[in-house]
1. Roughly speaking, to the nearest percent, how much of segment 1-65's 1.4 Å accessible area is carbon and sulfur?
2. Rounded, prolate or oblate for segment 231-340? Axes are the square roots of the Cα gyration tensor eigenvalues, ordered a ≥ b ≥ c, and the cut-off for rounded is a/c under 1.5.
3. Counting DSSP beta bridges with both partners in segment 1-129, what percentage is antiparallel, nearest 5?
4. Taking square-rooted eigenvalues a ≥ b ≥ c of the alpha carbon gyration tensor, is segment 249-296 rounded, prolate or oblate, where a/c under 1.5 means rounded and, failing that, a/b exceeding b/c means prolate?
5. For the pair T405/E86, report the inter-label distance in nm, with labels modelled 7 Å from Cα in the Cβ direction.
6. Over the Cα atoms of segment 46-106, what is the Rg over Rh ratio if Rh follows Kirkwood?
7. Apply the a/c threshold of 1.5 to the C-alpha gyration tensor of the chain and tell me whether it is rounded, prolate or oblate.
8. Considering only protein heavy atoms, with the full assembly of protein chains and a 1.4 angstrom probe, order L223, L108, L99 by accessible area, largest first.
Amino acid sequence: MNVHSHGCAYRAAILYCVGDPHEMGPQACCYHEDGILWVEDGYIKAVGPAETILNQLPQRIPLETFAHHLILPGFVDTHIHYPQTEMIAAYGEQLLSWLNTYTFPTELQFADASHASKVANVFLDELLRNGTTTALVFGTVHPQSVDAFFQAAQQRGLRMIAGKVMMDRHAPDALCDNAEQSYHDSKVLIERWHGVDRLQYAVTPRFAPTSTPQQLEKAGQLLQEYPGVYLHTHLSENTNEVAWVQALFPEAANYLDVYDRAGLLSRRSVFAHGIHLCDAECARLAATGSAIAHCPTSNLFLGSGLFPLDRLQQHGVTVGLGTDVGGGTSFSMLRTLDEAYKIQQLRGHTLDPFQALYLATLGGARALDLDHSIGSLQAGFEADFSILDLHATPLMAFRMPHCRTLQETLFVLNTLGDDRCVERTYALGRCVHQKETP
Ligand code: GUN
Ligand code: ZN
């Protein structure tokens, strides 16, 4: 892959959000049926209808045209565990026994840096094959797991956020650090990686049950000392987990309050799940600008519950979408949107396809406080995007011509699409995935 000193232009249908459809209605989405995306030096130079852009495009810029394809911003996955790639689809358990039976044994292997590096590369290949260009990623307790991940992401020029798990109780000894060690190890990683190229660090206590109050305080201290660093953890996923947290932290008013007391709530805080929250927790998330990562395939697979999306939206909470692999069952944000729709159906609500697109792109970027750089295709944004084949499968090729509106086309893509649709993925203007032609 060569240096992107020359521009490139791509002609296809183009769709992206400039705001939240829930707040702005149809104006939140821009669509060019015959559009051109012009990229220069890794950034978006211009986007618009072909007839307009063709007049501005210098002769030197190569133009590639894609029939029955759709260009979208790269997907933003706001919650995923790279070390769990090899145990995706583990049978028969709900959250707490799933952790003990499958997750902890798998994560033990990441003491070995070469194992970590191998899995990190498989993981990133998989994200890019699915059109995901940015993710907020759990490592394991081992600092070397995060070094391996960031090295692999750096080599590919990706915008990624990750962190070492902080965990000092209720897990196998070999997977536990302690408050002081976790503080020190995280600090070293922050200084090594945060803000290097497109990489950023997230302070990552696993969840309240596996951290002592002392460790959560250390996490808060890191956030104080390093403004701009993220906080990434789990919240209110499973009812047994919620009850356990209340028993472990009797002084806390609710689950979120455990994190709040340690100073862990801010615009750069992302809490995965948030299924069983009370009104006070929703209000506090909104007031602090904290985000929830909604993880539909995981919530269904682990039998955790049905996410009340409308309730969180009414409270004004920022919501992004996550795959939560390996609790989640797919790397594909399209598969994830399919399940998100069904969850809302079971709650008697619908998820509009434009709102769904927003959650997978600009909404995720907002959850990560990166919505001025990624998640959309506006001039000046980083050129992270994918080119999707709307006729990728025989069924899609048969179904798509029957769509009469963009909404319908997008809904069919969200419902039937998967990695087979992802023709190419670009990061900072460079092609980082190209589908093999059979
Ligand atoms: N809660 C604590 N750890 C985990 C994890 O690894 N996956 C999920 N889904 N929930 C968790
Ligand atoms: Zn998770």
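1. Details: 1800 of 3610 Å².
Roughly 50 percent of what the probe reaches on segment 1-65 is carbon or sulfur.
2. Details: a/c = 1.86, a/b = 1.42, b/c = 1.32.
Taking the square roots of the gyration eigenvalues as a ≥ b ≥ c, segment 231-340 is prolate.
3. Numbers: 15 of 20 bridges.
Counting only bridges with both partners in segment 1-129, antiparallel ones make up about 75 percent.
4. On the way: a/c = 1.65, a/b = 1.24, b/c = 1.33.
Note, shape of segment 249-296 comes out oblate.
5. 4.8
6. On the way: Rg = 22.8 Å, Rh = 16.7 Å.
Reported Rg/Rh (Cα atoms, Kirkwood Rh): 1.37.
7. Details: a/c = 1.79, a/b = 1.50, b/c = 1.19.
Here the chain falls in the prolate category.
8. Numbers: L223 35, L108 70, L99 15 Å².
If we order L223, L108, L99 from most to least accessible, we get L108, L223, L99.
The values are calculated or read from the model by the stated rules, or taken from the named source; none is laboratory data. Just so it is clear, the structure is predicted and the values come from calculations on it, not from any experiment. FYI the Cβ positions are ideal-geometry reconstructions off the backbone, even for glycines, and counts take in every protein chain you see. Only protein heavy atoms, including side chains, enter the accessible area calculation; ligands, DNA and RNA are left aside. Shrake-Rupley method; radii C 1.70, N 1.55, O 1.52, S 1.80 Å.
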